[in-house]
Structures are given as structure tokens and as C-alpha cells.
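Reviewing the structure listed below.
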Amino acid sequence: MPDLGRAALVTAFLLLVYASVAGTFAAWHSRRRLAQSAQNALIAAFGATAVAAAVLLAALARHDLSFTYVAQHTSRELPLGYTLTAFWGGQEGSLLLWLLVLGGYSVAAVLTARRVGREVLAWVVPVLGLVGTFFALLLVFVASPFATQPAPADGAGLNPSLQNPYMAVHPPMLYLGYVGLTVPFAFAMGALLARRTDERWIVATRRWTLAAWAFLGVGQLLGAHWAYVEIGWGGYYAWDPVENAALMPWLAATAYLHSVMIQEKRGMLKVWNVLLVTLAFCLSIFGTFLTRSGIIQSIHSFTQSSIGPWFLGFICFITAASLALIFLRLPLLRAKTRLESLVSREATFLYNNLLLVALALTILWGVVYPLLSEAVTGEASTVSKPYYNFFLHSFGLPLLLLMGIGPLIAWRRASLRALGRTFLWPTAAAVVAGIALLAAGAGSSRVGVIAYTFSVFVLASIVLEFARGTSARKALGGVGWGGAFASLIARNRRRYGGYVVHAAVVLFAIGVAGSSAYQTVREARLHPGDSMTVARNRLVFRGFESSTQPNHRAIRANIDVYRGGEYLGRYRPGKNQYFAEDQVSNEVSIRHDLLTGADLFLIADQVNSDGSVDLKALQKPLVNLIWFAGFIFVGGSLIALWPDAREERRLAERYEGATMRA
């Protein structure tokens with residue numbers, strides 16, 4: 001079995017090298033049959049990678065401890081579900097997953113890129129092949145998942161933090177996002193190499209970019225919820241370097257998705273769009289480097305390994321080559337039109353872009369600075385939470401406001417009188433909300449009040465846009481309000497799907513502001529029968545219970561919760577002692593109040609030998625809006641991704657002639 005896995009990876013590596021070299025020669029010399037051969041090699045490489053992945057999955061399922069990877073990341077007592085998730089629980093398996101997902105994306109993208117033109121597609125294949133070659137090289141020569149050893153009596157087990165159902169979904173979602181950003185990057189580079197700098201490459205990759213962006217967003221939300229329920233500290237985002245590594249490419253991709261609308265509508269920002277897609281891809285590779293190299297200390301990162309320099313070299317090569325190509329093609333990237341007014345929709349999109357990129361780069365500096373400082377001075381340093389929070393408030397609040405302004409303002413230029421009429425109702429709603437919040441005593445957090453006020457402004461703007469559009473559709477006759485609303489969305493899914501995503505971001509912002517600015521925290525040492533109070537909830541400790549599971553021993557503190565005279569239930573925070581891993585994990589208990597969106601979050605910080613417990617209780621207002629926003633985000637993304645027959649016909653008419661000539 002390990003020989004089959006190694007042979008499959010070597011085959012994939014050779015096929016990808018062929019796709020890169022032969023594809024480059026074919027594109028350079030316009031050899032159509034050779035270009036088709038390179039494309040077939042790219043497709044075959046995906047098949048070979050799938051065989052390698054199947055071998056590793058089979059080894060995990062059989063607990064074949066003669067595989068070094070299986071022995072290092074599983075144990076015989078580990079449940080099958082978690083055993084299979086160990087596929088991406090270690091360095092070598094994660095790299096194999098990266099290559100597998102890249103192969104799937106590459107095959108799907110090149111087989112469906114009808115309108116991009118043969119010349120561009122001929123260059124896309126070697127670019128995708130080059131990226132795949134790098135990961136295949138690592139798997140074959142540096143970090144093979146098919147190394148073997150004499151089988152030990154038992155394996156080392158899986159990190160207890162990864163023994164959670166979210167780990168079956170969170171990492172693959174992030175990989176679908178990270179790797180998916182390779183597709184628009186490859187098409188952008190292909191278009192530059194082919195000297196085809198019109199919008200066809202953007203149209204060909206629009207849904208791939210949307211899908212990667214959506215997967216990356218959902219993956220981060222799942223990771224936040226995993227941290228919330230599993231790590232046992234009461235939060236969901238700690239500005240951990242690897243958390244930041246996933247956020248940065250998502251911010252760059254968000255800027256790109258907004259910016260390409262200006263290029264499609266007005267023929268502007270061509271250079272900026274190519275730079276953004278390059279930035280998003282490079283940040284995705286940088287995120288993989290942070291996680292896999294072990295260069296930073298993080299709950300997400302793997303141990304120090306030999307692949308760090310390889311990743312660093314690849315990032316430098318991709319960045320330098322991309323920037324050199326963009327510089328060479330600058331004459332072809334000149335904008336057709338200029339920005340006519342600073343008060344226009346394209347201007348607000350540009351402000352949005354600048355803020356998103358500024359936020360991504362300040363986060364990048366926060367991640368990189370400790371590494372540079374240690375390399376230069378030899379002393380470890382950290383960038384603390386206040387640094388990130390400062391820039392989040394500085395850039396995030398204006399971004400929130402722009403989400404309400406951008407959709408309502410006109411293209412090209414807008415008059416002050418038109419702006420006054422347009423923003424009258426959203427502004428009035430925001431002012432009323434702000435006054436109500438101050439009257440209710442929410443002024444203890446200035447940032448919280450501003451965030452809530454801006455959120456009301458954005459939501460009112462979105463509602464106004466839907467109301468105006470629905471009313472206009474109904475005025476055409478023949479349909480009721482429901483039909484007019486459905487027709488409105490169906491005729492412009494991309495636009496109104498974006499509005500739904502904006503609403504999700506607003507709900508997320510409200511949840512973050514409420515759960516961080518207005519949370520209540522209490523800590524106490526309780527003996528059986530003792531009680532403590534947090535936010536009108538009385539918590540009574542009733543003693544411990546313990547049980548033995550197949551791979552761990554569980555101990556739980558029984559906490560009865562009362563509000564006034566009403567009994568709300570028993571909650572059981574505690575700890576797990578894992579046998580194979582010889583580690584202890586916190587197991588929190590959470591009471592969800594769906595009516596208010598608040599959580600009562602209980603942590604057994606310390607289980608004491610005298611029968612007492614050090615209990616930490618947090619009341620987190622509105623935190624459930626964060627997870628609810630995730631469902632709205634998925635809905636909006638699906639609306640924007642859903643195929644639109646009218647748009648397909650319009651694009652076919654626009655680009656068919658150019659594609660045939662290519």
C-alpha cells in the first residue's frame with residue numbers, strides 16, 4: 001500500500017512537470033496539440049493524486065500503524081470519524097489535501113473555461129501546473145505521507161482540540177477557499193502572458209472566485225465556532241497568527257470582488273484588479289506557510305519542519321514573477337475611463353478597496369513583525385490584541401458605513417440633492433437608533449454604539465434598495481408583491497445576493513460588538529452547595545461526576561442554573577483526560593438563549609482535590625447573531641453564485657466573437 005501511494009505521487013509530480021514545461025512551450029509557440037496534451041496531463045495528475053489520497057484514507061481507516069503518519073496522528077482507541085479527519089490533522093496529509101483540491105479545481109476550471117479564449121487557456125494550464133508541481137515536489141521529496149516504520153503497539157493519538165465534529169468540516173472548507181484562489185490568479189497570469197487584458201478572464205473566473213471567497217468565509221466562521229465551543233476560553237477569535245492568515249486573503253478577495261465590478265462596468269482599475277488577485281493568492285500561500293512551517297507558535301501550527309524554506313522561496317518566486325509580469329504588461333492595462341467624481345459608486349468602491357487592503361496589510365505586519373524582530377534581535381516579541389483592535393475599529397467602522405452608502409449612490413457622479421433624498425430614511429433610522437441606545441445606557445462602549453448605529457444605517461439602506469426594486473417590478477404589472485420580490489432577485493442575482501451578504505456582515509458586526517463590548521464575567525471557587533451570580537443568573541454547584549470513554553476519562557461539574565425562581569437546567573462544564581495523547585482538555589458548557597441571542601458560557605477552570613471547582617462564567621449578549629449571520633452569508637453567496645440564464649446570454653453575445661477570433 002505505501003508503495004502504491006508513493007508511486008501515485010511520483011506519477012502526479014511527473015505529470016505536473018510535463019503540464020508546466022510542455023504547456024509553456026505550447027503556449028509560447030502556439031502548438032495547439034501540445035497544449036491539449038499538457039491539459040490532459042493536468043487532468044491525469046488529479047487522478048494520480050486521488051489514488052494517493054485513497055491510499056492514505058485506507059491506511060487511516062485500517063489503523064495501519066506501519067505508516068509513520070498514521071502512527072503519529074491516530075491511536076487504536078480513536079473513533080473512526082476522528083481517525084479519518086487525521087488526514088488533514090498533520091503536515092503531510094494537509095499538503096496532500098492541498099494538492100488534491102488544487103487538482104479538482106484545475107480540472108473543473110480548464111474544462112469549463114469556454115469564453116476565455118484558447119491563447120489564454122494555453123497559459124493557464126502551465127501556471128496551474130507550476131503551483132501543483134511545487135506541492136507535489138514537497139510530497140515526493142520533502143514530506144511524504146507514505147513513510148513507513150515498524151508498527152508500534154499504539155499510535156500517538158490526535159490532538160484533543162482536533163477531536164471535535166467541526167474539525168471534519170472547518171479545515172476542508174478553508175482549503176477549498178485557500179486553493180480556490182489559485183484559479184483567478186492562474187487566469188489573470190494567463191491573460192497577461194497571452195496579452196489578452198480585457199474582461200474575459202474575469203468573467204471566466206467570477207464564480208470560481210465567489211466560491212473560493214465563500215468557502216474561506218464559511219471556514220473561518222466554523223473555525224470561530226470551534227474555538228468557541230472547544231478551546232474553553234470564552235472567545236471565538238484571538239488574533240492568532242494562523243487565524244489572521246485565513247482572514248487576510250479573504251479581505252483581499254473581498255476587495256477584488258468589489259473592484260472587478262468597476263472594471264466590468266467602467267473599464268477602470270485593471271492594474272489594481274490584477275494586483276488584488278495576486279495579493280489574495282500570495283496571502284493564501286503565506287497562510288499555508290505559517291501553518292505548515294512551524295515558524296510561529298499557535299494551536300493551529302504543526303511542529304518545526306523542513307518545508308518552511310521551500311514555502312518561503314516559493315512565495316518570493318511567485319511574488320517577484322507576478323509583479324514583473326504586471327510591470328511588463330502595464331501598457332496593456334491602461335484604463336479606458338477615469339474616475340469622474342469622488343462622490344460616485346465607483347469612488348465608494350475604491351474607498352472600500354483601500355480600507356480592506358489597509359486592514360489586510362496591517363494584520364500582515366502584526367503577523368510578520370514578531371518574526372522579523374526575532375530574526376534581527378534574537379528576542380521573541382509579540383503583537384498584542386490592542387494593536388489589532390485599534391486597526392479593526394479604525395478601518396472596520398468606515399467599511400461598515402460604506403456598505404450602506406455604496407449600493408445607493410449613483411455611478412459616475414451624484415448630486416448633493418439626490419444624495420439627501422436617497423439617504424434621508426437610512427440616516428433618520430440610524431439617528432433614532434443611536435439616541436435609543438444612549439438612552440438605554442449603552443454608552444459605556446463608544447465603539448459599540450457607533451457600530452450599532454452604522455449597522456442600522458446599512459440595514460435600512462438594504463431594506464430601502466429591496467423595497468424600491470420590488471415596487472418598481474410590481475409597477476410593471478402582472479405579479480403580486482411576492483412575485484415582484486422573487487423576480488427582482490432572479491433578474492440580478494449577483495447584486496441582490498451581495499446585499500444579502502452585506503446584511504450578514506451587519507449581523508456579524510452587531511454580534512461581535514455585543515459579545516465583546518457588553519459581556520459580563522464572573523469567577524469563583526465553589527464547593528458543593530455554593531452559588532454565584534452572573535447577569536441575573538444564579539449558578540449552584542452540585543458536585544462532580546466522572547465517566548470513562550474509549551479514548552478518554554471525563555469529569556464534569558454539575559451546575560444548576562436559576563433565573564429568579566425559575567429553574568433553567570443543569571449544565572456540565574469539565575475536563576477530559578486523553579489516554580494516548582496524555583493531555584487534558586477543557587470541555588465547556590453553554591446555555592443558549594435564542595430569544596435574546598445571548599449565551600451563558602461556563603468553564604471549569606480548575607477541578608480541585610478537595611471537591612471544589614474554580615468556575616468561570618461569562619454572559620455574552622448577542623453572540624448567537626454571529627452564527628446566525630453565517631447562515632445568511634451562505635444564502636447570499638448561493639444567490640450570487642446561482643447561474644443566471646439572462647446574464648449567460650448577455651455574456652455570450654458580448655464575448656463570443658472575440659473568443660472565436662482567439
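See the values below:
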| item | result |
| --- | --- |
| Count of residues meeting criterion [under 27 Å from the mean Cα position of the chain (by Cα) and part of a strand (DSSP E or B)] in the range 581-590 | 5 |
| Yes/no for G81 being crowded, with 17+ Cβ neighbours inside 10 Å and touching a residue at least 40 places away in the same chain (Cβ under 8 Å) | no |
| Qualifying residue in the range 91-98 (condition: at pLDDT 95 or above, part of a helix (DSSP H, G or I), touching a Leu at 6+ places or on another chain (Cβ under 8 Å) and not acidic (D, E)) | yes |
| Single residue of the range 271-306 satisfying the filter (surrounded by 22 or more Cβ atoms within 10 Å (Cβ to Cβ) and modelled with pLDDT under 90) that is nearest to the chain's Cα centre (by Cα) | G287 |
| Filtered residues of the range 230-244 (kept if over 19 Å from L283 (Cβ atoms) and either basic (K, R) or part of a loop (DSSP other than H, G, I, E, B) (or both)) | G232, W233, G234, G235, Y236, A238 |
| Residue match in the range 1-15 (condition: touching a helix residue (DSSP H, G or I) at 6+ places or on another chain (Cβ under 8 Å), farther than 14 Å from G103 by Cβ, in a helix (DSSP H, G or I) and of a type in the set (S, T, Y)) | no |
| Residue list for the range 345-370, filter: modelled with pLDDT under 95, in contact with a Leu (Cβ under 8 Å, 6 or more places away or on another chain) and either polar (S, T, N, Q) or closer than 29 Å to A418 by Cβ (or both) | E346, A347, T348, L350, Y351, N352, N353 |
| Number of the condition not met by V51 [criteria: (1) of a type outside the set (D, E, K, R); (2) buried (at least 23 other Cβ atoms within 10 Å of the Cβ); (3) under 13 Å from F146 (Cβ atoms)] | (2) |
| Hits in the range 203-212 - residues which are buried (at least 24 other Cβ atoms within 10 Å of the Cβ) and either farther than 21 Å from T288 by Cβ or free of Cβ contacts under 8 Å to residues at least 60 places away in the same chain (or both) | A204, A212 |
| Unmet requirement for V479, which otherwise passes all of (1) at pLDDT 90 or above; (2) surrounded by 13 or more Cβ atoms within 10 Å (Cβ to Cβ); (3) not in a helix (DSSP H, G or I) | (1) |
| Given (1) part of a strand (DSSP E or B); (2) modelled with pLDDT under 95; (3) surrounded by 14 or more Cβ atoms within 10 Å (Cβ to Cβ), index of the condition A640 fails | (1) |
| Single residue of the range 559-573 satisfying the filter (of a type in the set (G, A, S) and assigned to a loop (DSSP other than H, G, I, E, B)) that is surrounded by the most Cβ atoms within 10 Å (Cβ to Cβ) | G564 |
| Subset of the range 506-523 (residues that are crowded, with 20+ Cβ neighbours inside 10 Å and either within 24 Å of S259 (Cβ to Cβ) or in contact with a Leu (Cβ under 7 Å, 6 or more places away or on another chain) (or both)) | V506, L507, F508, A509, I510, G511, G514, S515 |
| Boolean, L65 is touching a residue at least 60 places away in the same chain (Cβ under 8 Å) and either touching a Gly at 6+ places or on another chain (Cβ under 8 Å) or not in a helix (DSSP H, G or I) (or both) | yes |
| Output for the range 68-79, where each listed residue is touching a helix residue (DSSP H, G or I) at 6+ places or on another chain (Cβ under 6 Å) and either of a type in the set (A, V, I, L, M, F, W, C) or in a helix (DSSP H, G or I) (or both) | Y69, V70, H73 |
| Among the candidates A58, A35, residue that is more than 30 Å from E581 (Cβ to Cβ) and either in the same structural domain as D154 (by TED's automatic domain parsing) or surrounded by fewer than 16 Cβ atoms within 10 Å (Cβ to Cβ) (or both) | A35 |
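One line per residue, one yes/no per condition, for (1) in contact (Cβ under 8 Å) with a residue 12 or more places away in the chain; (2) outside the structural domain of A429 (by TED's automatic domain parsing); (3) surrounded by 15 or more Cβ atoms within 10 Å (Cβ to Cβ); (4) farther than 30 Å from P426 by Cβ:
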residue: V463; (1), (2), (3), (4): no, no, yes, no
residue: A467; (1), (2), (3), (4): no, no, no, no
residue: A475; (1), (2), (3), (4): no, no, no, no
residue: R494; (1), (2), (3), (4): yes, no, yes, no
residue: V500; (1), (2), (3), (4): yes, no, yes, no
residue: A503; (1), (2), (3), (4): yes, no, yes, no
residue: N537; (1), (2), (3), (4): yes, yes, yes, yes
residue: A557; (1), (2), (3), (4): yes, yes, yes, yes
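To keep it simple, each residue is scored yes or no on (1) surrounded by fewer than 14 Cβ atoms within 10 Å (Cβ to Cβ); (2) in the same structural domain as D240 (by TED's automatic domain parsing); (3) under 25 Å from M248 (Cβ atoms).
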position	(1), (2), (3)
L372	yes, yes, yes
A380	yes, yes, yes
S384	yes, yes, yes
H393	no, no, yes
L400	no, no, yes
M403	no, no, yes
G406	no, no, yes
I409	no, no, no
R413	no, no, no
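The values are calculated or read from the model by the stated rules, or taken from the named source; none is laboratory data. Not measured: the values here are computed from a predicted model. Glycine gets a Cβ as well: all are built from the backbone with ideal geometry, and neighbour counts include every protein chain shown.
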